[in-house]
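The values are calculated or read from the model by the stated rules, or taken from the named source; none is laboratory data. Computed from a predicted structure; not experimentally measured. Methodologically, a virtual Cβ is constructed for each residue, glycine included, from the backbone with ideal geometry; neighbour enumeration extends over all protein chains shown. Surface areas here come from the heavy atoms of the whole protein model, side chains and all, with no ligands, DNA or RNA. Shrake-Rupley method; radii C 1.70, N 1.55, O 1.52, S 1.80 Å.
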Amino acid sequence: QVQVVESGGGLVQAGGSLRLSCAASGRTFGTTAAGWFRQASGKEREFVAAIVWSGGSTYYADSVKGRFTINRDNAKNTVYLQMNSLKPEDTGVYYCAVNPRGTIYDSTRYEYWGQGTQVTVSS
């Protein structure tokens with residue numbers, strides 16, 4: 001089993017920044033990738049960004065490219081999501097997930113999930 005815990009959410013004004021953290025613990029050996037997803041009220045969960053553990057390749061949704069950066073600290077088994085130039089439409093609950101089976105873009109493929117952290121961007 002792998003435990004995933006997110007932190008770093010909060011309330012920020014449009015144009016501001018936040019950094020989310022995702023710490024994985026437990027049977028983390030063999031972690032293949034980690035992804036961030038978000039879910040706004042009344043909407044489906046959507047892909048935000050992902051990073052492949054080996055090699056560090058990164059992937060972003062078009063809506064966040066150039067504003068968000070995902071990176072990892074292997075020693076700490078932690079993934080970060082740096083969010084800059086935040087917009088009101090970035091508001092939602094942000095979830096971290098690890099070990100997708102197959103495509104990194106499909107939330108249903110991920111094996112382990114955190115509880116989510118709320119991000120609210122005011123206009």
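Data for the structure
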{"item": "DSSP loop chymotrypsin sites (Phe, Trp or Tyr not before Pro) with at most 14 other Cβ within 10 Å excluded, longest remaining stretch of the chain", "result": "30-104"}
{"item": "Förster radius 30 Å - calculated FRET efficiency between Gln3 and Arg101, Cβ distance, rounded to 0.05", "result": "0.95"}
{"item": "Gaussian network model of the chain, springs between alpha carbon atoms under 10 Å - residue of Lys65, Lys87, Lys43 with greatest fluctuation", "result": "Lys43"}
{"item": "Simple spin-label estimate for Ser54 and Ser123 in nanometres, 7 Å along Cα-Cβ", "result": "4.6"}
{"item": "Candidates per GluC sites (Glu not before Pro) in the stretch 42-123, loop by DSSP, up to 11 other Cβ within 10 Å", "result": "Glu44"}
{"item": "In order through the stretch 79-87: 3J(HN,Hα) via Karplus (6.51 cos²θ - 1.76 cosθ + 1.60), integer Hz, x for Gly, Pro", "result": "10, 10, 10, 8, 10, 10, 6, 5, 10"}
{"item": "Area accessible to solvent at Ser25, 1.4 Å probe radius, in Å²", "result": "60"}
{"item": "From phi via Karplus (6.51, -1.76, 1.60), per-residue ³J(HN,Hα) for the stretch 12-27 in Hz, x at Gly/Pro", "result": "9, 7, 4, x, x, 10, 9, 10, 9, 10, 9, 9, 10, 9, x, 7"}
